[in-house]
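Read the figures in this text as sums done on the coordinates, not as results from a lab. Here the structure is a predicted model, which is why all the values come from computation and not from measurement. Neighbour counts are summed over all protein chains in view; Cβ atoms, including those assigned to glycine, are modelled from backbone coordinates with ideal geometry.
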Amino acid sequence: MGGNHFGTIFTVTTFGESHGPALGCVVEGCPAGIPLGIDEISQELQRRRPGGGGPATTRIEADTPELLSGVFEGKTLGTPIAIMVRNTNQRSGDYDALKDVYRPGHADWTWEAKYGFRDPRGGGRSSGRETLGRVAAGAVAKAFLGEYGITIQAWTSSVAGIPVPDPEELGFDLEEREKNPLRIPHRETAAQVLGVIEQIRSAGDSAGGTVSCMVHGLPPGLGEPVFGKLDARLAGAMLSLGAAKGIEFGAGFAAAAGRGSTQNDQPIPASLQGLPREVPGVRYQSNQAGGMLGGISTGMPLEFRVAFKPVPSITKPQKTLDRRGLVRELIIQGRHDVCMVPRVVPVVEAMTALVLADLMLLHRGDRIGT
Ligand SMILES: Cc1cc2nc3c(=O)[nH]c(=O)nc-3n(C[C@H](O)[C@H](O)[C@H](O)COP(=O)(O)O)c2cc1C
């Protein structure tokens, strides 16, 4: 099976199935000497953890990471970093009834069409639980980017069509985000969404939403102008997540209805953006482009949004086919998120960190001098 490896220099391979003994990752290409401890990794995993998503989720897992290699006395060695998380709360019996039917909205039939054999317990490797390895690897990438002052912040920006006010307009106070289980940086909207999620749960249904992400401190010049565009790499990373259905950068799809005169960001001297006079180069009056032009970072904050469909496992009865081709009525048992959007927030951050760490290292080989 291919496609378990991501990146060019700073790379990650994830392993494990939802209901196997363990999941995890091997990170390669991380430079030596980066401060990294189990606490940073653990903290990120706790943000992704089922049961950490409050009322939107029902499966409870401890998700305690074990750091197997690559770190000595709190610093990376430059060797492969292996991180493992044991599955402790699988309840695989919940899936007995599903082994011969194809769940609507899941990869059951496509997996079988491709491989001819599958692990039906919780979606196996197609499970959202695979993202655990990505989040652990993302913690390593974040530690590396932290050395350059690069910060990545994602948040729930809509659920079930209810938009969350832009944190930039609210003064970018993302502290509120970690205070509520929906990762919505706006208390009133979070309360409204909680009510709607309860209604959706009672109806045996599920909800989707969007995650917004901003990166600050990114230098200009990251990304490659043709196949390795920054936007193309981020899109590939985000659309590799289960349930991801689209991504937009900066003004996004709305730009298609705009005019050049309103969509072009005007270059201005860096000093006019409140930066010290000696900061060289260009800044932009606006950021409709979302921090990149021609696939290369502009030095402005990176801004994008990812859309996630409602999780396919719903308790409402659904019609489907079984392996013999017979129509069956399906009622999915077990523990499933009503809305996985809050849990995918740290995953979006992790994938962003992996793309950017790789591009930072690739950029070093792009030209001589500074
Ligand atoms: C972090 C995360 C958590 C997820 N949790 C669930 C879940 O609890 N229930 C569910 O039915 N799908 C969940 N999914 C989505 C499914 O894995 C995904 O929709 C399915 O594999 C089909 O793939 P596709 O939607 O990308 O086509 C989750 C995805 C991610 C990334």
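Overview of results
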quantity	calculated
Phi-based couplings in Hz for the range 285-301 (Karplus 6.51, -1.76, 1.60; Gly and Pro marked x)	5, 10, 9, 4, 6, x, x, 8, 9, x, x, 10, 5, 8, x, 7, x
Only Lys, Arg (+1) and Asp, Glu (-1) charged, at Cβ; the range 114-194 dipole about Cα centre in debye	780 debye
Dipole magnitude of the chain about its Cα centre (Cβ charges: Lys, Arg +1; Asp, Glu -1), debye to nearest 20	920 debye
Under-5 Å amide H pairs with V71, H placed in peptide plane, nonlocal only	L77
Cα convex hull volume per residue for the range 240-359 (Å³)	187 Å³
Gap separating the Cα centres of the range 321-364 and the range 61-131, nearest whole Å	11 Å
Mean Cβ count within 10 Å, highest first, over the residues of peptides 7-17, 243-253, 108-118	7-17, 243-253, 108-118
Taking R47, R323 and counting other C-beta atoms within 10 Å, the order from fewest to most	R323, R47
Calculated from backbone phi, Karplus (6.51, -1.76, 1.60) coupling profile of the range 9-24 in Hz, x at Gly/Pro	10, 8, 10, 9, 10, 9, 9, x, 10, 3, 10, x, x, 7, 10, x
Sequence-distant lysines (8 or more away, or on other chains) whose Cα lies within less than 29 Å of K245	K99, K114, K142, K179, K229, K309, K316, K319
Amide H within-cut-off set for G208, under 5 Å, with H built and near neighbours excluded	A160
Spin-label zone in the range 224-241 - amide nitrogen under 17 Å from a point set 7 Å from the Cα of Q263 along the C-beta vector	231-232
Along principal axes, Cα extents of the chain, largest first, whole Å	69, 48, 38
The chain: angle of helix 341-363 to the longest principal axis, Cα-based, in degrees nearest 10	40 degrees
Nearest-ten-degree value, helix 187-202 long axis tilted from longest Cα axis of the chain	20 degrees
Net lengthening on full extension, E169/L239 (0.36 nm per residue, minus Cα-Cα)	22.4 nm
Protection proxy ranking, peptides 155-164, 298-307, average beta carbon neighbours within 10 Å, highest first	298-307, 155-164
Theoretical FRET efficiency, 1/(1+(r/R0)^6), r = Cβ-Cβ of K179 and A22, R0 30 Å, to 0.05	0.40
At R0 = 35 Å, FRET efficiency that the Cβ-Cβ distance of H5 and A97 yields, to 0.05	0.55
Sorted by Cβ density within 10 Å, fewest first, the residues T262, T64	T262, T64
Given charges at beta-carbon only (K, R positive; D, E negative), |dipole| of the range 220-320 in Debye	520 debye
Ascending count of other beta-carbon atoms within 10 Å, so fewest first, for K179, K229	K179, K229
Calculated from backbone phi, Karplus (6.51, -1.76, 1.60) coupling profile of the range 67-72 in Hz, x at Gly/Pro	8, 8, 6, x, 10, 9
Difference of contour (0.36 nm per residue) and Cα-Cα distance, I162 to H363	68.4 nm
Volume of the Cα convex hull of the range 191-232, divided per residue and given in Å³	97 Å³
Amide proton proximity set for G228, modelled H, under 5 Å, gap of 5+	none
Residues V282 and F15, FRET efficiency given R0 of 56 Å [Cβ-Cβ distance, rounded to 0.05]	0.80
Angle in degrees between helix 131-146 and the longest Cα principal axis of the chain, rounded to the nearest 10	10 degrees
Rounded if a/c under 1.5, otherwise prolate or oblate - the range 147-194, Cα gyration tensor axes	prolate
Inter-part distance where the range 135-167 and the range 4-34 are each reduced to a Cα centre, Å	19 Å
